[in-house]
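Notes to accompany the following structure.
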Amino acid sequence: MSHPPPLRRLLEAAKSSSFLRFIVSGGINTVSTYAVYLALMHVVGYKIAYTIAYIIGIVLAFVINRLFVFQTHRGWRSVVLFPFVYLIQYLVSLAVVAAWVESLRLPKELAPLVAIAVTIPLTFVLSRLVFGHRQGTSAGRH
């Protein structure tokens, strides 16, 4: 019995798992906003660069979460509440970034990546509450 190629297995798993789609979309968003952050650090301080990149990431995340991850939304409620998910994530991640750079004195280039790793579960749970579940998706599945 042959097993499907790894990419095919990943695609099949993504069909039934909003958490896996969240991770994939988060990777796309992370690469995009990290590139913006690194580019902006050449012209502004790291906190301002992080804030601008973060705002761009919110817009990208809404579009990806709406169309790919949860494939549903609750009308204006999703539009209004979604920024609050990222406000909460921003406050937690900015604290992580500042602690990484100022308290631990570790490289500022890595700080956003650490913040993302710390806040992934929080962001998924809050996003899922904002967008809800697709029809036909069991509550036990992520």
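The values are calculated or read from the model by the stated rules, or taken from the named source; none is laboratory data. Note that the structure is a prediction, hence the values are computed from the model and not measured. Here Cβ is always computed from backbone atoms with ideal geometry, including for glycine, and neighbour counts include all displayed protein chains. Protein only, heavy atoms only, side chains kept; ligands, DNA and RNA dropped before computing areas. Shrake-Rupley method; radii C 1.70, N 1.55, O 1.52, S 1.80 Å.
At-a-glance table
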{"read-out": "Condition met for His3 (modelled with pLDDT of 85 or more and surrounded by fewer than 16 Cβ atoms within 10 Å (Cβ to Cβ))", "value": "no"}
{"read-out": "Residue pairs meeting the criteria (Cβ under 7 Å; at least 6 apart or on separate chains; first open to solvent by 70 Å² or more (accessible area, probe 1.4 Å) and of a type in the set (A, V, I, L, M), in region 70-88; second at pLDDT 90 or above and part of a helix (DSSP H, G or I))", "value": "Ile88/Leu126"}
{"read-out": "Close pairs from region 31-44: first in contact (Cβ under 8 Å) with a residue 12 or more places away in the chain and assigned to a helix (DSSP H, G or I), partner open to solvent by 50 Å² or more (accessible area, probe 1.4 Å) and among the basic types (Lys, Arg), Cβ under 9 Å, at least 6 apart", "value": "none"}
{"read-out": "From Pro112, Pro107, residue being farther than 20 Å from Arg66 by Cα, at pLDDT below 90 and either under 13 Å from the mean Cα position of the chain (by Cα) or open to solvent by 40 Å² or more (accessible area, probe 1.4 Å) (or both)", "value": "Pro112"}
{"read-out": "Some residue of region 86-102 being farther than 21 Å from Leu129 by Cβ, in contact with a Leu (Cβ under 8 Å, 6 or more places away or on another chain) and acidic (Asp, Glu)", "value": "no"}
{"read-out": "Identity of the residue in region 43-54, among the hydrophobic types (A, V, I, L, M, F, W, C) and over 16 Å from Leu113 (Cα atoms), that ends up least open to solvent (accessible area, probe 1.4 Å)", "value": "Val44"}
{"read-out": "Check on Tyr86, of a type outside the set (A, V, I, L, M), part of a helix (DSSP H, G or I), farther than 20 Å from Phe22 by Cβ and modelled with pLDDT under 90", "value": "no"}
{"read-out": "Which listed residue is over 24 Å from Phe62 (Cβ atoms) and modelled with pLDDT of 75 or more, from Val24, Val36, Val43", "value": "Val43"}
{"read-out": "Which numbered condition Ile58 misses (of (1) under 24 Å from Lys15 (Cα atoms); (2) modelled with pLDDT of 85 or more; (3) open to solvent by less than 30 Å² (accessible area, probe 1.4 Å))", "value": "(3)"}
{"read-out": "Test for Arg74: is it in a loop (DSSP other than H, G, I, E, B), under 24 Å from Val130 (Cα atoms) and of a type in the set (D, E, K, R)", "value": "yes"}
